[in-house]
Amino acid sequence: MTPVLDIQNLNVNYHSSRGIARAVRDLSLTIEGGETYGLVGESGCGKSTVALSIMRYLPRQAQDSGGIRFQGRDLMQAPAEELRHLRGNRIAIVYQDPQSSLNPVLTIERQLSEVIAAHEEHSASESRRRILDMLERVRMPDPQYILGRYPHQLSGGMQQRIVIAMALLLRPDLVIMDEPTTGLDVTIEAGVLDILDDLRREFKMAILYISHNLGVIARICDRVGIMYAGELIEQAPVNDIFAHPSHPYTLGLLRCVPRQGLRYTNEALYSIPGRVPPLTALPQGCAFAPRCVLAESACTAAHPRLESTAQDHSARCIHWETVVEQPERVTFTRPLSSQTDQNSEKNLLNVRGLKVYFMQALDVLGIRKRPNIKVVDGVDFDLPAQRTLGVVGESGCGKSTIAKVLAGLTPVTSGKIEFSGSDFAKPIESRSSDSLQQLQMVFQNPDSSLNPRHTISQTLSRPLRRFKIVPQDQENETIIGLLRSVNLDESYLDRYPSQLSGGEKQRVAIARAFAGNPELVVCDEPISSLDVSVQAAVLNLLHELQHQRKVALVFIAHDLNVVRYISDEVAVIYLGRICEIGPTDRIFSPPSHPYTEALMSAIPVADPNAQINPIRLSGNVPSPANPPTGCHFHTRCPRKIGAICETHEPPAQEAGDNHKIFCHIPLDELRVLQTDVMVKM
Amino acid sequence: MDQSLEPVLSQPVIQKKNLWQRVFALRRNLTVLLGASILIFWVIIAIFAPSIVPYGINEMASGQVWKSPSVEHPFGTDNLGRDIFTRVLIGARQMVVLPALSVSLAVIIGTSIGLLSGYRGGWVDEIIMRVMDAVMAFPVLMLYLMIIAAVGASVVNVVIAVAVATAPAISRLVRGLVLDLRSREFVAAARMRGEPTSYILFREILPNAINPIMVDALVRIGYASFSISALGFLGLGVPPPNPDWGGMVSEARNALIITPTAPLLPALAIASLVIGFNLLADGLSEVMRTER
């Protein structure tokens, strides 16, 4: 039987003023009908280029060679007319950003019916019937109603389901999915993955699933190919990849992700040193050799071939037999900080009743006053010196606003922020120089957190001068020391941010935050825009620096495993309110708030044999302009007990050890309910 | 720090080209090359004009007015019998200097206003921008006429008039750039260090806005040459007997029936200068786009 997709020796080069970038090199893969093939790699590895090449959508400056056959037909030689017939009909593609895939001025019905009309002739009622049927399959609530909506009236998760419905509408034989869930919250992602998993079984189509997230791949794929610097470096059935990785890069990727339950008190995170080589100047021999612990002269001498290591399993590494024997555990050399050495329970930061409301603009005539958006609505927490408070929640829950308020970048509506004895509930312009020095911040986006027109040494010298940390003549030494502390060297001094990778920029940003010897560093999603292999390194670094310099951290992230790894205490936030706060270990074991429980079960686990926890949240985070009454979470809560949830704000229940849960369900009952589920996991 | 955990990252230093190399590399862009060639041509003319020209600027050489082109007068003579070729070449001096000078002044004023307005926001921004809108609401020529009428026609006043009329548009551009840049995280980081507003405006924000400001300024110098010529044409520019291209076209217009070729050279000169600036600006913005 001919495979649905058969790619042989695909090469794609991009021509630019900087030279020829070899985005895809000698890639061969086949996908059978009904099979889901996962293509994994970090950004810039050529994954999306493969997708574009299959669709014949490559930009003009790209040139490809090799063979791409779809059900035996050569797509590379196919005339435009034939491609037009295939696209959307037999081959469909789902992109990462649903917002740019949907036309904002057309209704959902119009957009979906256009797909049918472009390829088949049906009566209006027949086409409508098929659309409704498909919307039901992607579990769209009230499909009739959805048909008349415009894309902006739907949430991101709903939009992506529409795009998926659109792709599947004509029952294509091949669907390419390019990071379809990357932009979504974990809770929404879990729901979309459930749907995809069901549909792929039902429709028996071939899927090329592109992702950087091994957890997602483990969940949904049959076979996996790992790409590095444009090459396929390992290919195997999904279970084999996770059980016997045979390429050091695969192994690295698997170990980089903080496993569930891992804490900084146990071990450092595994990380891959270095960075992906530029595609315009690939190293001799194995492209991964410069970052590989197993590398020896043979690795750089000749380019390794894709060798068969087991049945259906091949790897591009001459050391494939010994890869798995690499030691897994990495330990810090410093003594592990014990949980109990903070006997001076003097709090560095006290936050009481913090409220941040954003005023909505009055409407045109100024007659109707709109309600304020309650972004943060009464939050209390404390943070002892040198400890880490993790803040988690879905997007739109007010996490980043809390960071900005602490930093003084957003005004406080009401409430108290006390930081080592002084009032911090005031804007940054009225804080004293000492106060400014004590609290610094690491931002989310490494691209915009460094001034593109300042060299690295200029960037780092500024806080030293402002806060008069060292005399002028020692400035240079101190900067080099700072660079070394974030694992960079003095060759970076005169570079501009555009010459650095994302991970390197974030290291510099961290060095800048620590340069003024602060007492508290607020980190707003510091690793979420970085590649997996870099995330672990940056997280290790942040933690080492914190302990060396005795700094407290407020660590904001949406990734529960990351927060769990680095935090001493965790606050789970939903719609501007804390649902649960307490010591990390307490938060992650029963009893937990139903929201925490749902967040935990939504994380895709990088293990194909993991049991899937069935808790799924329905719907989306409601608008903070009009939050639900009573418990904010009752509209989505899988454990809602009745009318009391809708009418009364939940009380704080003490679960011991400063662990507070804001829920109407008695703690014992929660514990019983959740222990049941945990056992199954 | 545990060095075994992760080796220190080191990379071969990428040789950064110095400014001169970068400017020289621009010649590969044809648009830049063409625009720059035209402008360099006029600058050279402006510098060496006194030693090239065959006559004095106010020398009534042949005693014949409105002479058609001949060997002695390649582009003819004007209403007083002066050599047009000589006057255009000498006129290049003020046309090279005045537009650049007035736009530089406008850039300084407009950028300062735009930076302040965009960064402060709120009612400061509102008031400043409404005033700018009011200035921009006048047709440009009308504005020139009003200013010149108020302060009188002289070289300095022409420069001031053009600068005042140009600055509001520049302030708008800069304000737009600042609105984007001020929300960047490096500005937040600077505020968290307690940097004074002047540092944030001129060291953090301005360097990131300078490229579009420069390209815009080049286009505006082109327009300014046009405006100054137009003022000259209306008799409100640089007062006679200075050789002014616009004034020359205006005078020659009266003699079109006698010598149709009389306005040719000054008109061509004005056009080539404007085109030169526009080409250079277009080319530069093209290069900046692809360099990103």
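Structural remarks
- Extreme residue, surrounded by the most Cβ atoms within 10 Å (Cβ to Cβ), among residues of segment A:624-635 that are in contact with a Pro (Cβ under 8 Å, 6 or more places away or on another chain) and part of a loop (DSSP other than H, G, I, E, B): A:CYS631
- Segment B:162-185 - residue that is basic (Lys, Arg) and farther than 19 Å from B:ILE109 by Cβ and, of those, farthest from the other protein chains (Cβ to nearest Cβ): B:ARG182
- Yes/no for A:SER65 being in contact with a helix residue (DSSP H, G or I) (Cβ under 8 Å, 6 or more places away or on another chain), over 23 Å from A:ALA118 (Cα atoms) and not aliphatic (A, V, I, L, M): no
- From the options A:ARG586, A:ARG564, residue that is of a type in the set (Lys, Arg) and under 18 Å from the mean Cα position of the chain (by Cα): A:ARG564
- Qualifying residue in segment B:63-74 (condition: within 17 Å of B:GLU251 (Cβ to Cβ), touching a Phe, Trp or Tyr at 6+ places or on another chain (Cβ under 6 Å) and surrounded by 18 or more Cβ atoms within 10 Å (Cβ to Cβ)): no
- As for segment A:255-262, it holds at least one residue that is among the aliphatic types (A, V, I, L, M), buried (at least 22 other Cβ atoms within 10 Å of the Cβ) and touching a residue at least 60 places away in the same chain (Cβ under 8 Å).
- B:LEU268 being out of contact with any helix residue (DSSP H, G or I) (no Cβ under 7 Å at 6 or more places or on another chain), in a helix (DSSP H, G or I) and either among the aliphatic types (A, V, I, L, M) or farther than 30 Å from B:GLY176 by Cα (or both): yes
- Pairs where the first residue, in segment A:26-51, is without any contact (Cβ under 8 Å) to a residue 60 or more places away in the chain and the second is among the charged types (D, E, K, R), C-beta under 6 Å, 6+ apart: A:THR30/A:ASP6
- Subset tally (residues that are modelled with pLDDT of 90 or more and within 19 Å of A:GLN160 (Cβ to Cβ)) for segment A:71-90: 0
- Of note, A:GLY481 does not satisfy the criterion of being at negative phi and facing chain B (nearest Cβ under 9 Å).
- Selection count where residues are closer than 18 Å to A:PHE443 by Cβ, touching a helix residue (DSSP H, G or I) at 6+ places or on another chain (Cβ under 7 Å) and in a helix (DSSP H, G or I), scope segment A:456-506: 10
- Qualifying positions in segment B:34-55 - in contact with a Ser or Thr (Cβ under 6 Å, 6 or more places away or on another chain) and at pLDDT below 90: B:VAL53, B:TYR55
- Residues within segment B:240-259 that are touching a helix residue (DSSP H, G or I) at 6+ places or on another chain (Cβ under 9 Å), assigned to a loop (DSSP other than H, G, I, E, B) and under 17 Å from B:HIS73 (Cα atoms), tallied: 2
- Picking from residues in segment A:521-554 that are part of a strand (DSSP E or B) and within 12 Å of another protein chain (Cβ to nearest Cβ), the one that is surrounded by the most Cβ atoms within 10 Å (Cβ to Cβ) is A:VAL522.
- Close pairs (7 angstrom Cβ cut-off, 6 or more residues apart or separate chains): among the polar types (S, T, N, Q) in segment B:19-30, modelled with pLDDT of 75 or more anywhere: B:ASN29/B:GLY283; B:ASN29/B:GLU286; B:ASN29/B:VAL287
- So B:PHE226, is it in contact with a helix residue (DSSP H, G or I) (Cβ under 9 Å, 6 or more places away or on another chain), free of Cβ contacts under 8 Å to residues at least 24 places away in the same chain, among the hydrophobic types (A, V, I, L, M, F, W, C) and away from chain A (no Cβ under 14 Å): no
- Flag if A:ARG577 is of a type in the set (Lys, Arg), more than 12 Å from every other protein chain (Cβ to nearest Cβ) and within 19 Å of A:ALA268 (Cα to Cα): no
- Condition check for A:THR181 on (1) surrounded by 19 or more Cβ atoms within 10 Å (Cβ to Cβ); (2) assigned to a helix (DSSP H, G or I): one failure, at (2).
- Residues that are within 8 Å of another protein chain (Cβ to nearest Cβ) and assigned to a strand (DSSP E or B) within segment A:403-451 comprise A:LEU439, A:GLN440, A:MET441, listed in sequence order.
- Scanning segment A:457-509 for residues that are among the aliphatic types (A, V, I, L, M) and closer than 23 Å to B:PRO196 by Cβ turns up A:LEU460, A:LEU464, A:ILE469, A:VAL470, A:ILE479, A:ALA509.
- Which listed residue, of A:GLY502, A:GLY516, is more than 8 Å from chain B (Cβ to nearest Cβ) and either over 30 Å from A:THR250 (Cβ atoms) or touching a residue at least 24 places away in the same chain (Cβ under 8 Å) (or both): A:GLY502
- Any hit, segment B:200-220, residues being part of a helix (DSSP H, G or I), more than 14 Å from every other protein chain (Cβ to nearest Cβ) and among the basic types (Lys, Arg): yes
- No other residue among A:ARG275, A:ARG200, A:ARG255 is within 14 Å of chain B (Cβ to nearest Cβ) and touching a Ser or Thr at 6+ places or on another chain (Cβ under 6 Å) apart from A:ARG275.
- Of all residues making up segment A:234-279, the number that are at pLDDT below 80 and among the basic types (Lys, Arg): 2
The values are calculated or read from the model by the stated rules, or taken from the named source; none is laboratory data. Just so you know, these numbers come straight off a predicted model, no measurement behind them. All Cβ positions, glycine included, derive from the backbone under ideal geometry; neighbour counts span all protein chains shown.
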